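Worksheet for the structure shown next.
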Amino acid sequence: MYDPDRIKWGDTGTVSLRIDQTTFEYGDTAQITLTNTTDSRISTGLKQTYQIERFTDDGWQDVRGKTGGDEIQYVDMGSEPAPGVIYEWSLRLTEAGLVAGDKEFTVCPELVSGRYRFVYWTVDAPVAVAFDLTR
């Protein structure tokens with residue numbers, strides 16, 4: 001996991017995280033891109049090591065949870081991408097869309113209007129982009 005106090009917004013010095021818009025309606029699709037902004041290969045994690053969080057009175061809370069009783073196990077693997085685009089995500093902003101293709105996760109509670117962020121956390125510092133969702 002990541003240290004929430006170390007999150008960088010948009011850029012870490014080695015990577016850039018971008019989202020195509022900052023406001024969405026429920027059901028829209030967000031396009032998010034992680035780019036290696038250096039002139040050499042860097043060490044990153046897997047594409048799946050991200051979180052989607054909503055800002056609440058108690059701070060940022062993950063909106064995706066694991067089904068069943070087992071703890072989430074991440075394999076310590078990664079890649080060393082060259083400069084340029086590393087990963088691209090196309091996330092439909094619905095409960096089913098945020099867990100599409102991953103039967104181990106569910107969205108709970110349901111998505112509501114508010115401030116959200118996408119956090120990719122397996123680079124030198126966790127990097128995030130924020131967006132508003134209206135439902």
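Quick note: the coordinates plus some simple rules give every number you see, no bench work behind them. In this text, all values refer to a predicted model and were calculated from it rather than measured experimentally. Note that we place each Cβ from the backbone using ideal geometry, even for glycine, and neighbour counts take in every protein chain shown.
Please work out how much length the chain gains when fully extended from Thr37 to Asp57, using 0.36 nm per residue of separation minus the C-alpha to C-alpha distance, in nm with one decimal. Kindly include the intermediate steps, with their values, before the conclusion.
Numbers: separation 20, 0.36 × 20 = 7.20 nm, distance 3.46 nm.
Answer, rounded to one decimal: 3.7 nm.
Give me the one-decimal Kirkwood hydrodynamic radius in Å for the chain, with the sum taken over alpha-carbon pairs.
For the chain, inverting the mean 1/r across all distinct Cα pairs yields 15.4 Å.
Considering Cα pairs under 8 angstrom that are at least six residues apart, work out the relative contact order of the chain and quote it in whole percent.
Details: 282 pairs, mean separation 50.2, N = 135.
Across the chain, relative contact order equals 37 percent.
Summing Lys, Arg as +1 and Asp, Glu as -1, what charge do residues with Cβ under 13 Å from the Cβ of Ser90 carry, Ser90 excluded?
On the way: positive: Lys47, Arg92; negative: Asp20, Asp28, Glu88.
After counting each charged neighbour, the total is -1.
Quote the charge dipole size of the chain about the Cα centre in Debye, to the nearest 20; the model charges only the Cβ of Lys and Arg (+1) and of Asp and Glu (-1). Please list the in-between numbers first.
Working: 13 positive and 22 negative charges, 47 e Å.
Using Cβ point charges on Lys, Arg, Asp and Glu, the chain gives about 220 debye.
With viscosity set to 1.002 mPa s at 20 °C, what whole-number translational diffusion coefficient in µm²/s follows for region 1-44 from Stokes-Einstein and a Kirkwood radius over Cα pairs? Please report the intermediate quantities before stating the final value.
Details: Rh = 12.5 Å.
For these conditions, the coefficient is 171 µm²/s.
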From the phi of every residue in region 124-135, what ³J(HN,Hα) in whole Hz does the Karplus formula 6.51 cos²θ - 1.76 cosθ + 1.60 yield, where θ is phi - 60° and glycine or proline is x? 3, 9, x, 10, 9, 10, 10, 7, 9, 10, 10, 10
